[in-house]
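All of the numbers you see were taken from the coordinates with simple rules; none came from a lab. Since this is a predicted model, take the numbers as computed values, not measurements. Glycine gets a Cβ as well: all are built from the backbone with ideal geometry, and neighbour counts include every protein chain shown.
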Ligand SMILES: Cc1cc2nc3c(=O)[nH]c(=O)nc-3n(C[C@H](O)[C@H](O)[C@H](O)COP(=O)(O)O)c2cc1C
């Protein structure tokens, strides 16, 4: 943990670029195991007077089981040199292989919450609220093209409890 210093979430700039371009790893623990997956859809801001991030996980992901089981999870952001690792974590499932070994990533813990040691920025988060994207609620029906098999995301509104920046 000495490799990181705590910063205020408000010091984090360009959240659009961080999530949409850099991508992130969503990491959660269940029964002593840890899984992680790449995500490039999400957002962050203020809700209920708290700094929050919102991530979207399809029910079919192995990570979904971990996100459901845990009270906390983390969002980890990386330098460009980790793009191959993020591509791998977005292509293969933790059901089928040891993603950490294959991607050259190291799970670490901040309290009970797993994160990725190699990250340059980490949000340690607490789940506040979860719900599923629902077909009937789409106002722009064309967006349903994102769900050809109707494998809708569950979204998690997460309170950013701690933001850690690599020193
Ligand atoms: C760039 C990129 C972004 C992704 N974004 C998301 C996302 O926001 N939500 C999601 O459910 N899956 C997303 N995925 C797909 C998962 O990362 C992928 O299915 C992964 O293999 C799931 O791993 P798991 O089964 O171990 O959870 C993305 C994949 C890539 C490559």
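Structure data summary
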{"quantity": "Any chance residue 36 is in contact with a helix residue (DSSP H, G or I) (Cβ under 7 Å, 6 or more places away or on another chain), closer than 21 Å to residue 105 by Cα and more than 6 Å from the ligand (Cβ to nearest atom)", "calculated": "yes"}
{"quantity": "Residue in segment 55-70 that is over 28 Å from residue 146 (Cα atoms) and either away from the ligand (no atom under 13 Å from the Cβ) or within 15 Å of the chain's Cα centre (by Cα) (or both) present", "calculated": "no"}
{"quantity": "Residues located in segment 17-41, provided they are part of a loop (DSSP other than H, G, I, E, B) and surrounded by 15 or more Cβ atoms within 10 Å (Cβ to Cβ)", "calculated": "23, 41"}
{"quantity": "Residue in segment 77-85 that is over 15 Å from the mean Cα position of the chain (by Cα), farther than 23 Å from residue 149 by Cβ and either within 11 Å of the ligand (Cβ to nearest atom) or buried (at least 20 other Cβ atoms within 10 Å of the Cβ) (or both) present", "calculated": "yes"}
{"quantity": "Tally, over segment 105-142, of residues that are in a loop (DSSP other than H, G, I, E, B), away from the ligand (no atom under 16 Å from the Cβ) and touching a helix residue (DSSP H, G or I) at 6+ places or on another chain (Cβ under 8 Å)", "calculated": "3"}
